[in-house]
Amino acid sequence: MLTELSGLVQHSDLRICPPLFIHRARGVAMSRHVASGLRLLACVWLLPGFGCTTHQEHEAKQSQGSAVHHPHDSSEESSDVPQSQTSSERALSLWQRDIDSYRRNTKDPPSLRPQAEEFMRNVLLGRLPHPGGAGYGNIAQAGKRLFEQGSQDALLRAYYGRAVCSDKGCFEAMPILVESLNAWAQSGYPGEHRRMAVFTLLSEAKIYAKALDWPRLRQEAAWLAAELVRDETITAEMWRLVFDELRPLTSCERDRVWEDAVAISEACSKEPKADPWIVHMLTGQAYVARAWHHRGGEWAYKVTPEGWKLFGENLEKAAEEFAAALKLHAEWPEASACMIQVAMGGASEQTPQAWFDQAVAAELDYMPAYAKLRWALRPRWGGSHEALYQFGCSCADTRRYDTMVPFVLLQALNDIDEERGFDCQVWRREGVYARVKQVLEGMANAPSRADGDGLYPWRSALMGLHVALAERAGEYQEARRLADGLGDHFNRHLFDSWCAHPEAVLASIYAFTGKGAADITAAWQTLNEAPKPFTNQTLETARSLLEKALAADDNKRSMAYCRARLMEMDGRLAFGAGEWFEKKFDPHLLCWLLTKGTWSQESENSAIGHARRASGPVRVRPFFVPLFPLEIEFDVEVIQPPPFSLTVGLFIPDGNRMGISEETSHQFFIRMRDNQAGIEISGDSKTVPCPLQAVNRIRVQLAEERAVLYVNDQLCLDRTEKNFHPQPAFDFGCLDYLYPHMGVRVSNVRMRKWEPPKDNRAPQDEPAPKDEPVAKKTV
């Protein structure tokens, strides 16, 4: 029990996956977009297994009055699971039924079957509450090899889709999962074995395919969940595993979940033989999802009175369900952990901390409880950065390196860093790095985390993450020692996922530890100590030091760092002289901050950005931004644009969160397909009609209280606003979420000083040209 956590005052990034039928009424354009963008083959999901197998089986079993029976090999004498088994062993025993069914029904060549069974077992190990197995990337590769060797098995393909989803995200997995379901009718498998594909889609993919028939997939998921809870062979301890499998389908921590949660909870509640605990837990989840649906995701001041009323009523009903579950199994942590969210919404007399303490008293390493309390400790929920840090320290002090509990310190520090705009200051606080190092080394040296067959994250992945966090803490020498020690065995899985710009991190490490490190440090010191705007003498001094550092070091990463900084000095000098500063794209984009998504150089004049893993915004920021007043020009293009409109342009981030926050204070945008251009200043948005092209040239002029937008050389808006105070940072790209197959091309970026014309205009919009009527509306 974490007694030291008492007295301290997230949402996990789960996304959920619905059904895949193309609505014909949505039109040919959307169908084409889904079919090509998601690579769903010819993919209208006919679901033959759902329409003619699962419901008929359901009716037949109900008419016989029997529960679903899963036949086992003759070697299995009993379906009872010994109570001495660990939770992992119980999980594998429950999921082993898919492997048994593969043995009975597959048409794969006998030579493939042993490695297919090993592959399926590794997929299952990766799904455990405490994941193990061969690692997501290795497992996905093993699945790919099976199909290259001739497997056509529908169930095996569902497992391959799950492996790809874990490794690369559901966007890449969707066509595999859909192909599995389309082949089901000819496979010979019973309908209940479709769970892997259906649950993965419903819990991971809904954000990708707006044209697909999610209600039908929801219907099948509810049927499969009911089949699961009807199974009389599931022993008492296994119900926790069933809830863990269904929790992603009913959690309020993903988009558009409430209908799925309600459908699944209602289907399971109607089963007379369903375990009461699982029914209470799923019903409670559904009420929490309903509560957040009625409240919405806006800030509190934007929630309607009716929204608050329904939010409170549904949370109170959820509390009743979880209380009933606790009466049945007070020794299990799930209900207490769920009550953390209920308490955050004010529907519990106990605090989130009290419910957390109760959850970890039941099970020290029930990690969903830790994620929920971390979210509750953020300032927006009444917590504080200090409370969040102390919580992380208490977790680290357990030194239970065979669990993920100490790792919570790193997650808490990352939460604080995110709240502060990723300025890295929390990592450089006195004493913090020593604690971080202790956690990483302790976990890396734990025997249970051996590479290849241990718990994940493995030792090599933890050592790779250590490189990144040493750099964040400013411990460059240690970061380099670690990176050099790893050499060709540098496992970059965690390193890359924790770094928005991995190559920039490595370049900084080698630059500040190389032969030119003293001169690089002196160059930055020169700039940091000089008054702004910089004089030419200051810039020339810094440039000379960087040139000296470049000549001194032969390390490729250090040299790339110096060249990028020299490009910045040249740009600053040109800008100071009143010339255009041509903003180039170096090969590793070290002159840029990758605020959202992944970016790559196309040429020295252009770069292309894509969403990371799942969908998301895609934006890039110049490393150096001159002082205002300023004029910026650039070209922007959406690659494989969708049939719906996107908002692209230049976005000035929230001044209080200058890191990679999605929140913006001011926007200069065009809305593709709507043929509109607009300026938004502190939430006040104005738009005008504007004919757009595939590639559009945007010019933005910025000064205190003045904002001007041109698109393709046409003046669109000229606004004088007293509350317009541009921040010294801006992003190019897309405000909306892009799917991974889509992209944004930013090119021909340049900027120069701008002298606002002096006139006596009133503080309002400059009218558009006479031939272009202004259409003002809120975006």
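Here are some notes:
- Options Gly307, Gly296: the member that is at pLDDT below 90, in contact with a helix residue (DSSP H, G or I) (Cβ under 8 Å, 6 or more places away or on another chain) and more than 24 Å from Arg230 (Cβ to Cβ): Gly296
- Hits in the range 684-695 (condition: closer than 24 Å to Trp299 by Cα and open to solvent by 50 Å² or more (accessible area, probe 1.4 Å)): Asp684
- Residues satisfying the stated conditions in the range 278-309, i.e. in contact with a Cys (Cβ under 8 Å, 6 or more places away or on another chain), open to solvent by 20 Å² or more (accessible area, probe 1.4 Å) and closer than 30 Å to Ile234 by Cα: Val279
- Residue within the range 696-713 that is buried (at least 23 other Cβ atoms within 10 Å of the Cβ), within 19 Å of Val749 (Cβ to Cβ), at pLDDT 95 or above and aromatic (Phe, Trp, Tyr) present: no
- Subset of the range 574-593 [open to solvent by 20 Å² or more (accessible area, probe 1.4 Å) and within 25 Å of the chain's Cα centre (by Cα)]: His588, Leu593
- Only residues that are of a type outside the set (S, T, N, Q) and open to solvent by less than 30 Å² (accessible area, probe 1.4 Å) were counted across the range 555-572, and they come to 9.
- Flag if Ala209 is modelled with pLDDT of 90 or more, of a type in the set (A, V, I, L, M, F, W, C) and in contact with a Pro (Cβ under 9 Å, 6 or more places away or on another chain): no
- Evaluated against (1) β-branched (Val, Ile, Thr); (2) farther than 30 Å from Ala611 by Cα; (3) under 26 Å from the mean Cα position of the chain (by Cα), Val505 falls short on exactly one condition, (2).
- Complete set of residues in the range 723-755 that are open to solvent by 30 Å² or more (accessible area, probe 1.4 Å), within 20 Å of Pro622 (Cβ to Cβ) and not in a loop (DSSP other than H, G, I, E, B): Leu735, Arg745, Asn748, Arg750, Arg752, Lys753
- Hits in the range 438-471 (condition: part of a helix (DSSP H, G or I), open to solvent by 10 Å² or more (accessible area, probe 1.4 Å), of a type in the set (A, V, I, L, M, F, W, C) and under 20 Å from Asn122 (Cβ atoms)): none
- Within the range 93-118, residues that are among the hydroxyl-bearing types (Ser, Thr, Tyr) reach partners that are in a helix (DSSP H, G or I) and open to solvent by less than 60 Å² (accessible area, probe 1.4 Å) with beta carbons closer than 7 Å, at six or more positions or on different chains, in the pairs Ser101/Leu155; Ser101/His193; Tyr102/Ala116; Tyr102/Glu117; Tyr102/Met120; Tyr102/Leu155; Tyr102/Leu156.
- Of all residue pairs spaced 6 or more apart or on separate chains, those with beta-carbon atoms under 7 Å, a first member in the range 556-573 that is closer than 11 Å to Gly514 by Cβ and a second member that is assigned to a helix (DSSP H, G or I) and open to solvent by 10 Å² or more (accessible area, probe 1.4 Å) are Arg557/Tyr510; Ser558/Tyr510; Met559/Leu550; Tyr561/Ser508; Cys562/Leu550.
- Those residues of the range 472-486 which are open to solvent by 40 Å² or more (accessible area, probe 1.4 Å) and not aromatic (Phe, Trp, Tyr), in sequence order: Glu475, Gln477, Arg480, Arg481, Asp484, Gly485
- Within the range 511-546, the set of residues being part of a helix (DSSP H, G or I) and open to solvent by less than 20 Å² (accessible area, probe 1.4 Å) comprises Ala511, Ala517, Ile520, Ala523, Leu527, Leu539, Ala542, Leu546.
- Tally, over the range 136-178, of residues that are of a type outside the set (A, V, I, L, M), part of a helix (DSSP H, G or I) and surrounded by fewer than 20 Cβ atoms within 10 Å (Cβ to Cβ): 10
- In the range 115-135, the residue that is least open to solvent (accessible area, probe 1.4 Å) out of those that are among the charged types (D, E, K, R) and over 24 Å from the mean Cα position of the chain (by Cα) is Glu117.
- Among (1) small (Gly, Ala, Ser); (2) touching a Lys or Arg at 6+ places or on another chain (Cβ under 9 Å); (3) part of a helix (DSSP H, G or I), the one test that Ala274 misses: (3)
- Ala396 being more than 25 Å from Pro447 (Cα to Cα) and buried (at least 20 other Cβ atoms within 10 Å of the Cβ): no
- Candidate set from the range 231-274 (those that are crowded, with 20+ Cβ neighbours inside 10 Å and over 31 Å from the mean Cα position of the chain (by Cα)); member that is nearest to Ala197 (Cα to Cα): Asp231
- Residue satisfying all of: in the range 348-360; open to solvent by less than 60 Å² (accessible area, probe 1.4 Å) and part of a helix (DSSP H, G or I); farthest from Phe311 (Cα to Cα) among these: Val360
- The range 361-393 - residue that is closer than 28 Å to Leu241 by Cα and small (Gly, Ala, Ser) and, of those, surrounded by the most Cβ atoms within 10 Å (Cβ to Cβ): Gly392
- In summary, Gln667 fulfils each of the numbered conditions (1) in contact with a Ser or Thr (Cβ under 8 Å, 6 or more places away or on another chain); (2) crowded, with 17+ Cβ neighbours inside 10 Å; (3) assigned to a loop (DSSP other than H, G, I, E, B) with the single exception of condition (3).
The values are calculated or read from the model by the stated rules, or taken from the named source; none is laboratory data. Computed from a predicted structure; not experimentally measured. Please note: Cβ atoms are built from the backbone with ideal geometry, for glycine as well, and neighbour counts cover all protein chains shown. Heavy atoms of the whole protein, side chains included, go into the accessibility calculation; ligands, DNA and RNA do not. Shrake-Rupley method; radii C 1.70, N 1.55, O 1.52, S 1.80 Å.
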